[in-house]
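Let me begin by presenting the structure, written as structure tokens, before commenting on it.
The values are calculated or read from the model by the stated rules, or taken from the named source; none is laboratory data. Values in this document were obtained by computation on a predicted structure and should not be read as measured data. So basically every Cβ, Gly included, is an ideal-geometry build from the backbone, and we count neighbours across all protein chains shown.
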Amino acid sequence: MPTESLLDPAGAIYRHTIRAGDPWSRVLRAGQILRITDLEGNQAADTLFYDAHDPENRYSASDTIRHQAALYLTTGSVLRSTRGDALLTIIADTCGRHDTLGGACSRESNTMRYAHDTLHMHACRDSFLRGAQECGCALGKRDITCNINFFMNVPVTPEGKLTFADGISAPGRYVELRAERDVLCLISNCPQLNNPCNAYNPTPVEVRIFEG
Ligand SMILES: [Zn+2]
């Protein structure tokens, strides 16, 4: 359900624009609040979270879905780790729905879904690995697991199939998450050009961090 934030955007202690196709990473301390804003609309922000002190305890799509008994994320969703711990809670959301199932694009999946000549296009899996290297946080290929796609619309059909549909986000829509422990956040601002997750035109997203 769409819910507005109570925070003054000008009160952020950190602000950064993630360019289209770029990665970003940062540790959030317990209690801090992360706002991700879809600046131009219809952009997918592929995101992973890890316990900052124990990265093997990481965001788990299946545990999150099971705990909340719902497929999509929105205000009130608690993001659970592989050990069932609460990593973050969504406290505001003006988009209304975020995907847990679609996963991240990779060069390999692009060649399967689209055509072999997409092999050399930028993809989230590579961006995640680049972001992990840039943050010096000792994450490798095995740590890039099932991610959240903020702002991405992946409806499940009555037959149980996944579809990558046109987005429901719009310019300026945001999601806000409160860290329930110290968490490492890794974002790939999706560079995908072959399906409508970015409206075939990847655009920047903004991150702001607030003290709780
Ligand atoms: Zn992607």
Evaluate the following for Arg178: is it surrounded by 17 or more Cβ atoms within 10 Å (Cβ to Cβ) and under 27 Å from Thr3 (Cβ atoms)?
-> yes
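Residue by residue, here is whether (1) under 15 Å from Phe49 (Cα atoms); (2) at pLDDT below 95; (3) in contact with a Ser or Thr (Cβ under 9 Å, 6 or more places away or on another chain); (4) assigned to a loop (DSSP other than H, G, I, E, B) holds:
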{"position": "Asn110", "(1), (2), (3), (4)": "no, yes, yes, no"}
{"position": "Met121", "(1), (2), (3), (4)": "no, yes, no, yes"}
{"position": "Ile168", "(1), (2), (3), (4)": "no, yes, no, yes"}
{"position": "Leu177", "(1), (2), (3), (4)": "yes, no, yes, no"}
Counted residues in region 34-76 being of a type in the set (Lys, Arg) and either in contact with a His (Cβ under 6 Å, 6 or more places away or on another chain) or touching a residue at least 60 places away in the same chain (Cβ under 8 Å) (or both) come to 2
Could you figure out which of (1) under 24 Å from Cys95 (Cα atoms); (2) within 15 Å of the ligand (Cβ to nearest atom) isn't true of Arg125?
-> (1)
Check off (1) more than 18 Å from Ala45 (Cβ to Cβ); (2) more than 16 Å from the ligand (Cβ to nearest atom) for Glu108 and give me the number that stays unchecked.
-> (2)
Considering only region 57-73, how many residues are part of a strand (DSSP E or B) and of a type in the set (S, T, N, Q)?
-> 1
Which one is modelled with the lowest pLDDT, of the residues in region 182-198 that are assigned to a loop (DSSP other than H, G, I, E, B) and under 18 Å from Ile148 (Cα atoms)?
-> Asn195
Taking the stated definitions as given, is Asn194 within 16 Å of the ligand (Cβ to nearest atom), buried (at least 21 other Cβ atoms within 10 Å of the Cβ) and either more than 15 Å from Asp38 (Cβ to Cβ) or not acidic (Asp, Glu) (or both)?
-> no
Could you tell me whether any residue of region 79-99 is of a type in the set (D, E, K, R), surrounded by fewer than 19 Cβ atoms within 10 Å (Cβ to Cβ) and assigned to a strand (DSSP E or B)?
-> no
Taking Pro158 as the residue in question, decide whether it is more than 24 Å from Arg19 (Cβ to Cβ), out of contact with any Lys or Arg (no Cβ under 6 Å at 6 or more places or on another chain) and part of a loop (DSSP other than H, G, I, E, B).
-> yes
State all residues of region 123-136 that are surrounded by fewer than 21 Cβ atoms within 10 Å (Cβ to Cβ), under 18 Å from the mean Cα position of the chain (by Cα) and either aliphatic (A, V, I, L, M) or not in a helix (DSSP H, G or I) (or both); if no residue qualifies, say none.
-> Leu129
Those residues of region 197-209 which are under 17 Å from Arg15 (Cβ atoms) and surrounded by 20 or more Cβ atoms within 10 Å (Cβ to Cβ) amount to Val205, Val207, Arg208
Determine whether Phe164 is of a type in the set (Phe, Trp, Tyr), surrounded by 16 or more Cβ atoms within 10 Å (Cβ to Cβ), within 16 Å of the ligand (Cβ to nearest atom) and over 13 Å from the mean Cα position of the chain (by Cα).
-> yes
